[in-house]
Amino acid sequence: MTPSTDAVPLKPARARIAVLVAMALVYAVATQLPLPGLDLDFFVYDLSAKGRTATSVAALGVAPFIGAILLFEIARLAAPPLARWAASPANAGRFDTIVWALALVLAASQGFAVARGIEAVQGVVDEPGAAFEGMVAATMLGATAILGALARMTRRAGAGDGFLIIFVAPMLIATASQAETSWRHTPAALDAAVVIVATALLIVGALASRRALPGPLGFGGGPLDPLPPLIGMMFAGLPALAPLAFGAPALEGAERTMATAAFGAALIALVAAMRANLPGATEPRRAPWPATLATIGVAAGLPLVQLAAPSLSLPSGYAMVFVVAAALSVLEALRPAARD
């Protein structure tokens, strides 16, 4: 396995659970703290819960870290010399430092973009301008760094993949909200059955697979690796846009769904196979195929099920994969250590 600065002995279970709870509390509080310069009356009374999260100090979550991790993972897969360099024990810490630095640069640039987007809504900002944009960028940079440090601490404590857990939190909230709406307005028994089967498929695939190699900052890996579906999700929409290069309209409707599902499935399989050959893999040339096939079945299959049965109200297949992967990661906090 690739050397990692996060590879330390497990702490007692109570300590791991305490770290998880502390990270969850900090994140929950941060999503309720408004960005500096916002009109507080508007933030408190006029925004929905989702809107308050989107204009809070934690609006970016750990997305900049996920973006940096994916960029370097793609580079590592595409450039074997870089993969060999990163796998060296002497360079593991340097590689993580570079990824961390890029994540903070992304956080600052995204903070400026968020500030400009908020300024475009009239009456939301007390004093628009460069000072407001700078305050928002600095605040988001600091919040992202704090969340990244907590996520790293969670990993080092053996309490699961902190970056993944924070990353899926908004997805989990959206999925729960969608499920509540479905139960209120439509017969949801079939929806629930599909979700249960998809969840069971992912769990069985994870249990039947060896653990995959972690990515930069110790992200991913484990029994249900989120890195292949993340990369698949990033590029799955390209075939739908391909006709634009020839002057034709982009694919829409059923054609778009099928093309996206097929290309996403192919990318997931390709990335999983390539990651199995990275330096440091415990069993080179053997991808965790049960988990990979389960991931493909859910990430690419749920949109096709929704296409065939439009009356269903199903969550995103990719979101389901990430939520189950995070849940399996959280279970690490409950696993007894040898000295518990």
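Read-outs: derived from the displayed coordinates by stated rules, not from any lab. From a predicted model like this one, the values you see are computed outputs, not experimental measurements. Neighbour counts run over all protein chains shown; Cβ positions are idealised from the backbone, glycine included.
Assorted remarks:
- Helical runs assigned H by DSSP (4 residues or longer) give the chain a calculated mean residue ellipticity at 222 nm of -21000 deg cm²/dmol, each run adding -39500 (n - 2.57) before division by the residue total.
- Of the residues P279, A157, T257, the one whose Cα sits farthest towards the positive end of the charge dipole of the chain is P279 (charges of +1 on Lys and Arg Cβ, -1 on Asp and Glu Cβ, taken about the Cα centre).
- Tensor-based shape of the range 238-340 (alpha-carbon gyration tensor, a/c under 1.5 rounded, otherwise prolate or oblate): oblate
- Size of charge dipole - the chain - debye, nearest 20, with Cβ of Lys, Arg +1 and Asp, Glu -1, no other charges: 1400
- Dipole of the range 1-131 computed with +1 at Lys/Arg Cβ and -1 at Asp/Glu Cβ about the Cα centre; of A83, A108, T55, farthest Cα towards the positive end is A83.
- Fewest-first ranking of E252, E332, using other Cβ atoms within 10 Å as the exposure measure: E252, E332
- Rounded to 0.05, the FRET efficiency of the A75 and A15 pair, given R0 = 35 Å and the Cβ-Cβ distance, is 0.50.
- Over the range 1-155, relative contact order from alpha-carbon pairs under 8 Å, at least 6 apart, %: 35
- The overall shape of the chain, judged from the alpha-carbon gyration tensor, is rounded, with an a/c ratio under 1.5.
- Packing-based ranking of 242-251, 315-324, 109-118 yields 315-324, 109-118, 242-251, ordered from highest to lowest mean Cβ neighbour count within 10 Å.
- The range 190-260 shape via C-alpha gyration tensor axes, a/c threshold 1.5: oblate
- For the chain, the membrane-span-like helices by this rule, meaning whole DSSP H stretches whose C-alpha atoms cover at least 18 Å of axis and whose Kyte-Doolittle mean is 1.0 or above, are 13-30, 63-78, 189-207, 253-275, 317-330; this says nothing about an actual membrane.
- For the range 234-340, the relative contact order is 20 percent, taking Cα pairs closer than 8 Å that sit 6 or more residues apart in sequence and dividing their mean separation by the residue count.
- Relative contact order of the range 13-334: 21 percent, from C-alpha pairs under 8 Å at least 6 residues apart in sequence.
- Chain lengthening between T199 and R94 when straightened (0.36 nm per residue, less Cα-Cα): 34.1 nm
- Positive-pole candidate from G222, G297, V124, dipole of the chain, charges at beta carbon: G222
- Choice from T154, T292, T55 showing the highest fluctuation, given a GNM over the chain with Cα pairs closer than 10 Å: T55
- Rounded Å value of the spacing that divides the Cα centres of the range 21-36 and the range 239-294: 35
- FRET efficiency, M135 to R335 (Cβ-Cβ, R0 41 Å, nearest 0.05): 0.45
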